[in-house]
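A.B. asks: Sharing a structure below in structure tokens format, with a few things to ask.
Only the coordinates and a few stated rules stand behind these numbers; no lab work does. Remember, predicted model here, so these are calculated numbers, not experimental data. In this analysis, Cβ positions are derived from the backbone assuming ideal geometry, glycine residues included, and neighbour counts consider all displayed protein chains.
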Amino acid sequence: MGRKPVTPVELIIVLVVAGILIIAALPAYSRYAAAAAVSAARGDLKILHSYVEAYFTWNQDVPARPDGAIPGWSARYSGKYAYTRYGPHKYEFATREKIGGVYLFIDQRGTVEERN
């Protein structure tokens, strides 16, 4: 007994069902990707905060520019994050663009904040 070949109608039905499943999965994937990007940015900001606090411990001041206190600042972080020094122990890091629909900030207290 031979196998019956797949008809064009059956093939179209399979492709339509696959397309519907893909379309249904896209919003969930987008939310997952946005949440992952926010988590990665939060982790980066905590690392940057740790570097500046270590610098402050040794120098009793925060750096005027982050490239002297943070290893790999130019290569890894400078395109994504902005550093602002406000005073002897007052500073802030912020994302340069929205991540997951929000801007993320961390200051000398070490708390990551989200702002629209």
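A.B. asks: Between residue 108 and residues 5 or more places away or on another chain, which pairs have amide H atoms under 5 Å apart, with H built 1.01 Å from N, and which residues are they?
C.D. replies: 91
A.B. asks: List the relative contact order of segment 10-106 as a percent without decimals, with contacts defined as Cα pairs under 8 Å and 6+ residues apart.
C.D. replies: After rounding, I find 24 percent.
A.B. asks: Determine which residues of segment 87-116 fall in the zone a paramagnetic label at residue 64 would reach in this model, i.e. backbone nitrogen under 20 Å from the point 7 Å along Cα→Cβ.
C.D. replies: 87-93
A.B. asks: Sorted from fewest to most neighbouring beta carbons within 10 Å, what does the list 67, 44 look like? Mind showing how you got there, number by number?
C.D. replies: On the way: 67 14, 44 19.
Ordered from fewest to most neighbouring Cβ atoms within 10 Å, 67, 44 come out as 67, 44.
A.B. asks: Still on this structure, please answer the following. Suppose every Lys and Arg Cβ carries +1 and every Asp and Glu Cβ carries -1, with no other charges. What dipole size does the chain come out with about its Cα centre, to the nearest 20 debye?
C.D. replies: Numbers: 14 positive and 10 negative charges, 64 e Å.
Charge dipole, the chain, about its Cα centre: 300 debye, nearest 20.
A.B. asks: State the answer as a single residue: which of 89, 18, 51 lies farthest towards the positive end of the charge dipole of segment 8-115, with beta carbon charges of +1 for Lys and Arg and -1 for Asp and Glu, about the Cα centre.
C.D. replies: About the Cα centre, the residue reaching furthest to the positive side is 89.
A.B. asks: What number, rounded to the nearest 500 deg cm²/dmol, is the helix-based mean residue ellipticity at 222 nm of the chain, given -39500 (n - 2.57) per DSSP H run of at least four residues and division by all its residues?
C.D. replies: Details: 1 runs with 52 residues, N = 116.
Rounded to the nearest 500, the figure is -17000 deg cm²/dmol.
A.B. asks: Over segment 51-116, what is the relative contact order in percent, taking alpha-carbon pairs closer than 8 angstrom and at least six residues apart? Present the calculation step by step, with values, prior to reporting the outcome.
C.D. replies: Details: 95 pairs, mean separation 13.8, N = 66.
With pairs under 8 Å counted, the relative contact order is 21 percent.
A.B. asks: Can you give the angle from 0 to 90° between the axis of helix 8-59 and the longest principal axis of the chain, with both taken from C-alpha atoms, to the nearest 10?
C.D. replies: Here the helix axis deviates by roughly 10 degrees.
A.B. asks: Can you give the direction-averaged projected area of the convex hull of the alpha-carbon atoms in the chain, in nm²?
C.D. replies: Numbers: hull surface 47.8 nm².
Result: a mean projected hull area of 11.9 nm².
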